[in-house]
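A quick write-up on the structure given underneath.
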Amino acid sequence: MKFAIPFLLFILVAGTKSLFAQTEDISKLASQLTAEEKVKLVVGMGMNTQNFAIGSTGDKVPGAAGTTFDIPRLNIPKLVLADGPAGLRIAPNRANVSRTFYATAFPIGTLLASSWDTVLVKKIGEAYGEEARDYGVDIVLGPALNIHRNPLGGRNFEYYSEDPFVAGNITSSMVNGIQSKGVGVSIKHFAVNNQETNRMLVNAVVSERALREIYLRGFEIAIKKSSPMTVMSSYNKLNGVYTSESYDLLTTILRNEWGFKGLVMSDWFGGQDAVAQMKAGNDLLMPGTKEQEKSIREALAAGTLSDDVLTLNASRVIRMTRQSNVFRNLKYNNDPDLKAHALVSRQAASEGMVLLKNNGDVLPLAANTKNLAAFGITSYNLISGGTGSGDVNEAYSVSLTEGLSNAGYQLDGELMGIYKTYIDTQNAHRPKPVSFFMPQIPMVEMDIDRDLVNRKAAETDIALLTIGRNSGEFADRKVDSDYLLSPFELKLIKTVSDAYHAQGKKLVVVLNIGGVIEVSAWRDQADAILLSWQGGQEGGNAIADILKGKVNPSGKLATSFPEKYQDLPSSKNFPGKNLSDKEVKGTFGMSLGYPSEVVYEEGVYNGYRYFNSFRVKPAYEFGFGLSYTTFSYGAAKLAQSVFNGKAEVSLTVTNSGNKAGREVVQLYLSAPAGGLDKPSEELKGFAKTKLLKPGESQVIKFVLTADELASYETARSSWVAAAGIYTVKIGASSRDFRQQAQFTVSKELIAEKCHSVIVPQVTINEMKN
């Protein structure tokens, strides 16, 4: 042991020297750059994906989103950037190559967050990182962690949660997994990119408190817990300034306050002023255009952009290349272990699915259940994930019926034939998407014959009915026949429910969706409801694992399901109002929409913070999810009754049922009354138990610091924890609290002093509790 401390000191000193050497090396390299090389480094080389090309990328990975500029004389390599919120998006086919290059379609972000399992998410990240590494991708453009402000958000499926604590912690696990394989990430979209409508022109008006507590907090957690290699700025304006041109956002907050050391890149074609982006700290413009190069070159010559600023931007690009696998001369093999990654994807899919209803313990299916009738077009054509940059070219996708067949069940052949014919006919006449980024027009649900359903109710043991939804980039969802079920879907549920209940048999509804839908109008007609989300290519097998009982569902909602759309405070103004009737066109003549504005009038009261504080009952609350077993919660024990820099709380969770299972234990905090207006409860900790056998227990421990206690007080530009009594509420959801404990903060605490920035130019009449 006498050598341990000197050896540790040697490692620390060596590591410090290495860091200094890298900094010195980057500064030395930057000083050797010509002005033109600096311009080239901070502007991408274009993109060439799915017949959508600009610039000259010379991609070594066809279908990748873009590349950076290389300078061989200084050993600065070209990096490949590829989309990938739910798997690597690259071209499956290549010129003069006979094989197909597939990638794994992992479950969507909302499903992964619904697992509440940071260890599992890191495991997904490791598989993802291996795949990117083996295909020669240097930077994955994800994960995405914008907040679920409104269920109509077109890209909500990519995002994790309505809660920043969940979003930030799930993101950090994903980042740590991917980057452990030498592949960088670009967490996105920074910030307040919570809609697709007019996304490149909309001005999001948000109070500084709501901004810091809700819309930036997840990014802050991810930055501090995982050190992502890059951050991607968003398209939108924030309080009047494009985020990619905001010095306050990209430098004052991100770098000076949070300590971020990496690179900031723009979203593709984001922002309007290349020079302003450089000055703000948006170091890399993607995919890069000749016009941006020209603007920077001219500003440099005119003295309106200093060489020091451009050199700093360029040095961050160099630093990024120095962290890459390509700089380390790691050879890629184009041969990732897709079979192993599919197994991980299947496990994650089943862990993140949420059992919403299970009357009479319909699930798991009884051992004598053999013959199943599958209704709904999505039962035969399962949606593995969303569209746009979140799409993946996977080798296969397992449908629900295929998964059930793999599990040993018999599917009604006549129904299968009828649905297959209908789907083939619909596909033959359905218009193709406008572009590869856009989803196809949804297929109308089949109007099934009532007599056929009655006959199947007599012939089969149980009915399964799948409702599907899909969305993606460029457009938000609609209320009618999207958030709400269509008349054909409502009729199908009622017809099947009536027929099977008349025979004394049951109906199980599977929700193969990427975002929240309305459930209150029809859920009483179903005996069980499984929210499968979009489970990636192994989705059908994962659903079958749960229905059969091979996997005990342990997912919990990371986003609320309201009783009706109008219950959401954001329903009053989403997605904002147009400020002009003149449509704006962008690259290749694509419509960017209209200049618009959306005011976040709800302030910090998003999701469960609103439902709990204003006593509005949701259909299914944040954190809710059923299991095939039950759990009991022992008393919550505080290590100290007076806060002394931290509050430690522990309790014992026991499987009190008769099946092995896992529980998500959630800690919410209620602040003292008076002073700053606050939500009634806020999530401040969560933990998922191991697989507990019946009767087995596990001790769960949480530690709260001043950071968890504090709220942002705008007048003082500070995170403040008020003096008084704090109540810890631990339970199974945001409304199901099983144990409580209290501790006292003797005097007010200033957790952090910040710079007052990004203040709205208009008064926001925010709601108060």
Under a Cβ-Cβ cut-off of 12 Å, what is the net charge of the residues other than L312 that fall near it, where Lys and Arg count +1 and Asp and Glu count -1?
+2
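When a/c is below 1.5 the answer is rounded, else prolate if a/b is larger than b/c, else oblate, so apply that to the stretch 458-497 with a ≥ b ≥ c taken from the square roots of the Cα gyration tensor eigenvalues.
On the way: a/c = 5.98, a/b = 2.32, b/c = 2.57.
Taking the square roots of the gyration eigenvalues as a ≥ b ≥ c, the stretch 458-497 is oblate.
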Quick one: length gained pulling D449 to D424 fully straight, 0.36 nm per residue minus the C-alpha distance?
7.1 nm
Aspartates and glutamates within cross-link reach of K572: Cα-Cα under 19 Å, excluding same-chain residues under 8 positions apart?
E162, E196, D476, D480, D482, E518, E563, E597, E601, E602, E766
Answer with a single label: of (i) 25.2, 78; (ii) 37.2, 121; (iii) 26.3, 84, which was calculated as Rg and Dmax of the Cα atoms in Å from the structure in view?
(iii)
Once all protein chains are kept in place, M45 shows an accessible area at probe 1.4 Å, nearest 10 Å², of 40
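Figure the gain on full extension for E36 and F488 (residue separation times 0.36 nm, minus the Cα-Cα span) and round it to one decimal in nm. All intermediate terms of the calculation are to be shown ahead of the outcome.
Working: separation 452, 0.36 × 452 = 162.72 nm, distance 6.08 nm.
Roughly 156.6 nm would be gained on extension.
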Express in whole angstrom the spacing between the alpha-carbon centres of the stretch 58-101 and the stretch 132-194.
20
Given K420/K456; K577/K617; K747/K768, the pairs whose alpha carbons are separated by over 21 Å:
K577/K617; K747/K768
Note, the stretch 399-410: 3J(HN,Hα) by Karplus (6.51, -1.76, 1.60, θ = phi - 60°), whole Hz, Gly/Pro = x, goes 6, 4, 5, 5, x, 5, 5, 4, 8, x, 8, 9
So if I place +1 on the C-beta of Lys and Arg and -1 on the C-beta of Asp and Glu, and nothing else carries charge, what would the dipole magnitude of the stretch 393-518 be about its Cα centre? I want it in debye, nearest 20.
80
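Test of understanding: what is the full-extension gain from K261 to A458, defined as 0.36 nm times their sequence separation minus their Cα-Cα distance?
Taking K261 through A458 to full extension adds about 64.4 nm, to one decimal.
Tally Lys and Arg at +1 and Asp and Glu at -1 over the other residues with C-beta under 9 Å from the C-beta of P569: what net charge comes out? Let's see the in-between values first.
On the way: positive: K572; negative: D567, E601, E602.
Here the charged neighbours net out to -2.
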Charge dipole of the chain built from unit charges on the beta carbon (Lys, Arg +1; Asp, Glu -1), centred at mean Cα; most positive-end Cα among A35, G129, A113 is G129
Can you give the relative contact order of the stretch 467-542 as a percent, counting alpha carbon pairs under 8 Å and 6+ residues apart?
32
Please give every one of the aspartates and glutamates within straight-line cross-link reach of K693, meaning a C-alpha to C-alpha distance under 14 Å, and leave out same-chain neighbours fewer than 8 residues apart.
E663
How big is the Rg/Rh ratio for the stretch 723-769, C-alpha atoms only, Rh by Kirkwood, two decimals?
1.14
Proximal charge balance of L452 [Cβ under 14 Å; K/R count +1, D/E count -1]:
-3
For a label point 7 Å along the Cα-to-beta-carbon line of A635, residues of the stretch 715-754 with backbone N under 17 Å:
728-730, 738-743
How far is helix 487-502 tilted, in degrees, relative to the longest principal axis of the Cα atoms in the chain, given as a value from 0 to 90 rounded to the nearest 10?
40
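What's the magnitude of the charge dipole for the stretch 202-304 around its Cα centre, counting Lys and Arg as +1 and Asp and Glu as -1 at the beta-carbon? Answer in Debye, nearest 20.
Numbers: 12 positive and 12 negative charges, 55 e Å.
Around 260 debye, computed over the stretch 202-304.
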How far apart, in nanometres, would the label points at T311 and K572 be if each is projected 7 angstrom from Cα along the Cα-to-Cβ direction?
5.3
Relative contact order (%) - criterion: Cα under 8 Å, at least six apart; region: the stretch 421-563:
21
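Quick one: of the DSSP bridges fully inside the chain, what percent are antiparallel, nearest 5?
Numbers: 62 of 99 bridges.
Expressed as a percentage, antiparallel bridges in the chain total about 65.
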In nm, give the distance between the simple-model label positions of L74 and R615, each being 7 Å from the Cα along the Cα-to-Cβ direction.
6.5
Taking 56 Å as R0, compute the FRET efficiency from the Cβ-Cβ separation of T587 and D707 and round it to 0.05.
0.85
Using the basic label-point model (7 angstrom from Cα toward the beta carbon), what is the R523 to T652 distance in nanometres?
3.4
Treating only Lys and Arg (+1) and Asp and Glu (-1) as charged, each at its beta carbon, one finds that the stretch 436-488 has a dipole about its Cα centre, in Debye to the nearest 20, of 60
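The values are calculated or read from the model by the stated rules, or taken from the named source; none is laboratory data. This one's a predicted model, so the numbers in the text were calculated from it and none came from an experiment. Please note: Cβ atoms are built from the backbone with ideal geometry, for glycine as well, and neighbour counts cover all protein chains shown. Surface areas here come from the heavy atoms of the whole protein model, side chains and all, with no ligands, DNA or RNA. Shrake-Rupley method; radii C 1.70, N 1.55, O 1.52, S 1.80 Å.
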